[in-house]
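Below you'll find the structure, written out as structure tokens, and then a few comments.
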Amino acid sequence: MSKKIILLLIGLTIISCKDTKKDDVTKKDSTPKITLHVLDGGKILVNNLELFSEDTTYHGQSKTFADAYYVIQHPKGNLMWDAGLPENLVGMPEPLTFPGGAFTVSRKDSVVNQLKAIGLTVDDFKYIALSHSHFDHIGHANTFKNATWLVQENEYDYFTNDSAQVKRADIYAMIKDLTNVQKLKGDYDVFGDSTVIIKSMPGHTIGHQVLYLNIGLEKPLLLTGDLYHFEENRSHKRSPTFNYDIPQTKKSMEAFEAFAKSTNADVIIQHSPKDFKRLKALLKSQKTTTK
Ligand SMILES: [Zn+2]
């Protein structure tokens with residue numbers, strides 16, 4: 001090989017390196033600064049874990065669930081994802097066991113106090129989105145009555161129609177103040193820049209949804225809602241007996257796994273105490289490295 005060719009090759013390598021660097025910088029600059037907080041919406045002791053599979057796999061077992069909720073601060077507005085357990089649990093001297101005894105629940109603090117600790121108030125929220133309308137995900141929803149509720153149209157209808165207001169009065173009471181409603185039909189890119197995407201994953205409820213976050217962390221995050229409640233149910237694709245539609249749940253699980261794989265997302269199981277701690281640590285380490 002002549003000296004000329006070698007020099008030319010070296011030159012080309014340098015140019016291509018420069019180009020890559022330039023691309024990286026451009027990418028970083030175009031990513032808006034988005035901050036995620038994971039907050040503690042309470043604790044659930046599942047006394048009868050058998051409810052969480054279609055067979056007797058979990059017979060006689062119990063398990064502790066975390067009950068996380070999430071705050072996403074985006075330059076175009078803030079989003080609250082899920083809303084923890086009911087706030088009337090705050091200050092109770094003992095955890096509360098539901099009639100029937102399947103669940104024992106507790107919550108340490110109110111959303112107002114928890115937001116204060118991260119420098120926010122209820123009025124700072126443009127959007128609230130709930131993975132679904134069960135009691136452990138809508139606890140402080142009414143507090144966000146000035147925000148726009150991003151909800152699947154069928155979920156909205158199912159939980160707010162005239163008969164639901166009577167039949168599921170306790171659930172209705174916890175969401176009835178959310179009157180600014182934006183009804184969705186399927187996936188929704190909340191800020192229009194692909195950073196925060198609500199994904200329709202029905203089955204657990206009629207309009208259950210999960211949240212994809214591509215916010216400049218090492219990997220995108222995928223928050224499960226209640227598609228999975230704990231790790232074993234994810235690996236074995238088990239569905240709770242009380243789901244709205246079990247075959248549809250399984251289809252959503254397939255779609256979820258394919259999406260997680262194609263985006264290389266880090267899956268966060270919202271009720272997993274392990275994932276709660278892991279995400280907290282991840283966000284903390286991110287803060288210290290970007291400072
Ligand atoms: Zn739940």
Problem set entry | Simple Cβ-charge dipole of the stretch 138-291, Lys/Arg +1 and Asp/Glu -1, about Cα centre, in debye nearest 20 | 560 debye
Problem set entry | Amide H within-cut-off set for Gln270, under 5 Å, with H built and near neighbours excluded | Thr224, Gly225
Seminar exercise, completed: Square roots of five times the C-alpha gyration tensor eigenvalues of the stretch 103-193, ordered largest first and given in whole Å, equal 22, 19, 11
Seminar exercise, completed: Once phi for every residue in the stretch 142-152 is put through the Karplus expression 6.51 cos²θ - 1.76 cosθ + 1.60 (θ = phi - 60°), the whole-Hz ³J(HN,Hα) values, with Gly and Pro written as x, are 4, 4, 9, 5, 8, 7, 8, 8, 8, 9, 4
For this session: Of all alpha-carbon pairs in the stretch 150-291, indicate the percentage at a distance above 27 angstrom.
Result: 28 percent
Exercise. Based on Cβ point charges of +1 for Lys and Arg and -1 for Asp and Glu, what charge dipole magnitude is obtained for the chain about its Cα centre, in debye rounded to the nearest 20?
Worked result: 1440 debye
Seminar exercise, completed: Quarter of the surface of the C-alpha convex hull for the stretch 60-156, i.e. direction-averaged projected area in nm², equals 7.8 nm²
Exercise. Can you list the HN-Hα couplings for the stretch 66-74, worked out from phi with the Karplus curve (6.51, -1.76, 1.60; θ = phi - 60°), rounded to whole Hz and with x for Gly and Pro?
Worked result: 6, 9, 7, 9, 9, 10, 10, 9, 10
Problem set entry | Ellipticity estimate at 222 nm from DSSP helix runs (n ≥ 4, -39,500 (n - 2.57)) divided over the chain, nearest 500 | -10500 deg cm²/dmol
Exercise. When DSSP beta bridges are limited to those with both residues in the chain, what percentage is antiparallel, rounded to the nearest 5?
Worked result: 70 percent
Problem set entry | Set of aspartates and glutamates near Lys167 by C-alpha distance (under 17 Å), chain-local residues within fewer than 8 positions excluded | Glu155, Asp157
Seminar exercise, completed: Of the DSSP H helices in the chain, the ones reaching 20 Å or more along their long axis in Cα terms and averaging at least 1.0 in Kyte-Doolittle hydropathy are none
Problem set entry | Other-chain or far-sequence residues with amide H under 5 Å of Gln61's (modelled H) | Leu49, Glu50
For this session: State, as an integer percentage, the relative contact order of the chain based on alpha-carbon contacts under 8 Å between residues 6 or more apart.
Result: 16 percent
Exercise. Mind ordering 42-49, 55-62 by average Cβ neighbours within 10 Å, highest first?
Worked result: 42-49, 55-62
For this session: Amide H neighbours of Ser131 under 5 Å, at least 5 residues apart or on other chains, H built in the peptide plane: list them.
Result: Asp82
For this session: Take the alpha carbon atoms of the chain, find their radius of gyration, then divide it by 2.2 N^0.38 Å using N residues; give the quotient.
Result: 1.15
Problem set entry | Set Lys33/Lys116; Lys76/Lys287; Lys176/Lys287; Lys43/Lys219; Lys145/Lys250 screened for pairs whose C-alpha atoms are more than 25 Å apart | Lys176/Lys287; Lys43/Lys219; Lys145/Lys250
For this session: Give the peptides 240-252, 72-84 in descending order of average Cβ contacts within 10 Å, highest first.
Result: 72-84, 240-252
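Values in this text are rule-based calculations from the coordinates and carry no lab data. Bear in mind that the values here come from a model prediction, so they are computed numbers and not experimental data. Positions of Cβ are backbone-derived with ideal geometry, glycine not excepted, and every protein chain shown enters the neighbour counts.
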